Amino acid sequence: MKVVIIGGGLAGISVATHLRRRNENSEIVILEKNNEFAVSASALPYLLSGTISKPEDIIGATVNQMKQIFKIDVKLNHEVIDIDRKNKILTLEGKPPLSYDKLVLATGASQLRPDIEGILADNIFTIRDLRSIDTIKTYYEAVGAKKILILGAGNIGLNTAEAFASIGAEILVVEKESHIIPYLDPEMTRRIENRLQNFDVKLYLGKQVVGFRDGFARLGNGARIKYDLAVITTGVRPDVKLPIMADINLGQSGGILVNNYMQTNDPDIFAAGANVEFINSITGFSERWTNAPLTVMQANIVAEFLCGNKISSEEVVPCDIIKIFGYTVAMTGANENQLTKAKISHKHIYLQQNNCDIYMPQSQPMLFKLIFAPDGTILGLQGIGTQGIDARINIVAELIKKKASIFDLSRVLIAYAPPFSMPKDALNNLGNLALSCLNGKIQYFDVQNLSLEDVFLVDVRQQKSFEKRHLPNAINFPIQTIRDNLSSFPHDKKIVFYCNQGYGAYLAYCILRNRGFKNAYLLNTPYDISFDL
């Protein structure tokens, strides 16, 4: 059996090496259209910043290693320009045709330049490969660039912004959405946006660059931004030119349609990686998602199938994570925008809690947003913090995959030691608060409604904290004074409590509810009042 793989990235290499471990006799050929092989694309911004000092550190294997260790033939600068499915022949640019028995499309996705005026200027770049990083660094140093314009505030855009900021550049970021990190809900990004501004990163949100000329980027509203060097990170598109030419079916998102064994509509052609479409198990929508672990799993399914082992792919629960200016930002499941589009009923709560026991020096606050269905099914989790976010997002991703409920979340067992967690972990508290929300033991009032409704807003922090900063129209009753001032609380309007992280407000809420105040509420907010107002 001759297996030809188009693409020398993670998907292609994973298929090839897994197949070789299972089958010593197959002929395996990898065709890579460029002269770079096995480069970790996600590591490129870290090479730009100098966090990773040597390009060879992000190269997974060499052509010689693949030949000597795995008996896999890697051919660089071999671009496939046509697929003859009937005769199983590949046409290559400037090279002899190549036959195959089984074909794997592992072409991935690429960063494309938007079609706008001036986009081909010599000071405008995309991050694609090692060569692109070298070109950007060379230009930056040669012209003494100071103002760096980043188009796009997703993971790559923000990583690129941090890379340039770390070497002393002035950063300007333009994002067409109203908030950064599009897979988060807008209110959750406020803390990160503040963080970026604290590092002198200037954000232009809800804006689009419509043209470049004479060292200026022109926005859709007519404003102009002066820049020395620009990097386009506005998203990637699957490389599906070959599938289109070969009548391989594509899905609604533009990715290649595959079955549970990663087969296309041609049973001898498979696909894996960022060029493949999948169904979001929560929303039911077709999506594409650049995720290395998912790519490896898909590649393994392809390799096993080629060895006669049918291992079906599982439902995909999206999850993503980024480290940006000292913060970890992560999500799993679906966000509210996706759920609303899918017409899925949902509720949400926020929780701020430290990652470990507060007496430990590494104890730091975490902010979570839990989204759940009216029947208690977990639909999504978003988290922001300096420590502990990644482990908890991964736990909830597995719970969502198993269709778990907020009751399961309240009972999930976390390994405990003071440097790592608290006896009652944030995940347990999220589950308990969500349960209390559903069964009516806690009434929440959304912060977005403060401007729409006349409420009795109570800040239960100490007076010094209140005087330093507080929400508009709030009245200060420190927690220890609540019982002595019961006569000050009205019965004819909603009483809404808040504090920094919620626990003091919850205690005040319990006091009033136990004293017969049915009009008491907790403010449902992601904001840390002392810092983010």
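Brief remarks on what is shown
- Any hit, the range 228-250, residues being among the polar types (S, T, N, Q) and in a strand (DSSP E or B): no
- Residue in the range 208-230 that is surrounded by fewer than 16 Cβ atoms within 10 Å (Cβ to Cβ), touching a Phe, Trp or Tyr at 6+ places or on another chain (Cβ under 6 Å) and at pLDDT 95 or above present: yes
- Qualifying residue in the range 479-490 (condition: assigned to a strand (DSSP E or B) and either modelled with pLDDT of 95 or more or hydroxyl-bearing (S, T, Y) (or both)): no
- Search result, residues across the range 447-475 that are farther than 17 Å from A520 by Cβ and either among the acidic types (D, E) or touching a His at 6+ places or on another chain (Cβ under 9 Å) (or both): R461, E467
- In the range 102-149, residue farthest from Y46 (Cα to Cα) [restricted to those that are open to solvent by 70 Å² or more (accessible area, probe 1.4 Å) and assigned to a loop (DSSP other than H, G, I, E, B)]: D115
One line per residue, one yes/no per condition, for (1) in contact with a helix residue (DSSP H, G or I) (Cβ under 9 Å, 6 or more places away or on another chain); (2) of a type in the set (A, V, I, L, M, F, W, C); (3) within 21 Å of I384 (Cβ to Cβ); (4) touching a residue at least 24 places away in the same chain (Cβ under 8 Å):
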| site | (1), (2), (3), (4) |
| --- | --- |
| V173 | yes, yes, yes, yes |
| H179 | yes, no, yes, yes |
| D185 | yes, no, yes, yes |
| A217 | no, yes, no, yes |
| D228 | yes, no, no, yes |
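- Only one of the listed residues (K347, K323, K343) is open to solvent by 50 Å² or more (accessible area, probe 1.4 Å), among the charged types (D, E, K, R) and within 12 Å of the chain's Cα centre (by Cα). That residue is K323.
- Every residue from the range 267-312 that is on the phi > 0 side of the Ramachandran plot and either open to solvent by less than 20 Å² (accessible area, probe 1.4 Å) or not small (G, A, S) (or both): G273
- Within the option set K86, K67, being of a type in the set (D, E, K, R) and assigned to a loop (DSSP other than H, G, I, E, B) holds for one residue only, K86.
- Hits in the range 71-82 - residues which are over 34 Å from the mean Cα position of the chain (by Cα) and surrounded by 15 or more Cβ atoms within 10 Å (Cβ to Cβ): D73
- Residues of the range 46-64 that turn out to be open to solvent by less than 60 Å² (accessible area, probe 1.4 Å), more than 30 Å from V3 (Cβ to Cβ) and not in a helix (DSSP H, G or I), as a count: 2
- When the residues of the range 375-404 are filtered to those that are assigned to a strand (DSSP E or B) and not hydroxyl-bearing (S, T, Y), the one that is farthest from L196 (Cα to Cα) is I378.
Here's the yes/no breakdown for (1) part of a helix (DSSP H, G or I); (2) of a type in the set (A, V, I, L, M, F, W, C); (3) touching a helix residue (DSSP H, G or I) at 6+ places or on another chain (Cβ under 8 Å):
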| position | (1), (2), (3) |
| --- | --- |
| W289 | no, yes, no |
| T295 | yes, no, yes |
| N300 | yes, no, yes |
| F305 | yes, yes, no |
| G308 | no, no, no |
| I311 | no, yes, yes |
| I321 | no, yes, yes |
| V329 | no, yes, yes |
| T332 | no, no, yes |
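- Qualifying residue in the range 409-424 (condition: open to solvent by 10 Å² or more (accessible area, probe 1.4 Å), outside any helix (DSSP H, G or I) and of a type in the set (F, W, Y)): yes
- Evaluation of I156 against (1) β-branched (V, I, T); (2) open to solvent by 30 Å² or more (accessible area, probe 1.4 Å); (3) more than 15 Å from L48 (Cα to Cα) (one fails), failing number: (3)
- Of all residues in the range 159-171, those satisfying the criterion of being outside any helix (DSSP H, G or I), among the hydrophobic types (A, V, I, L, M, F, W, C) and open to solvent by 10 Å² or more (accessible area, probe 1.4 Å) are I167, A169.
- Of all the listed residues (R113, R128), the sole one being of a type outside the set (A, V, I, L, M) and closer than 30 Å to V302 by Cα is R128.
- Top-ranked residue of the range 429-455 - restricted to ones that are assigned to a helix (DSSP H, G or I) and among the small types (G, A, S), ranked as surrounded by the fewest Cβ atoms within 10 Å (Cβ to Cβ): S436
The values are calculated or read from the model by the stated rules, or taken from the named source; none is laboratory data. Small disclaimer: the values here were computed from a predicted structure and weren't measured. Don't worry about glycine lacking a Cβ; one is built from the backbone with ideal geometry, like all the others, and counts go over all protein chains shown. Please note that ligands, DNA and RNA were not included when accessible areas were found on the heavy atoms of the full protein model with its side chains. Shrake-Rupley method; radii C 1.70, N 1.55, O 1.52, S 1.80 Å.
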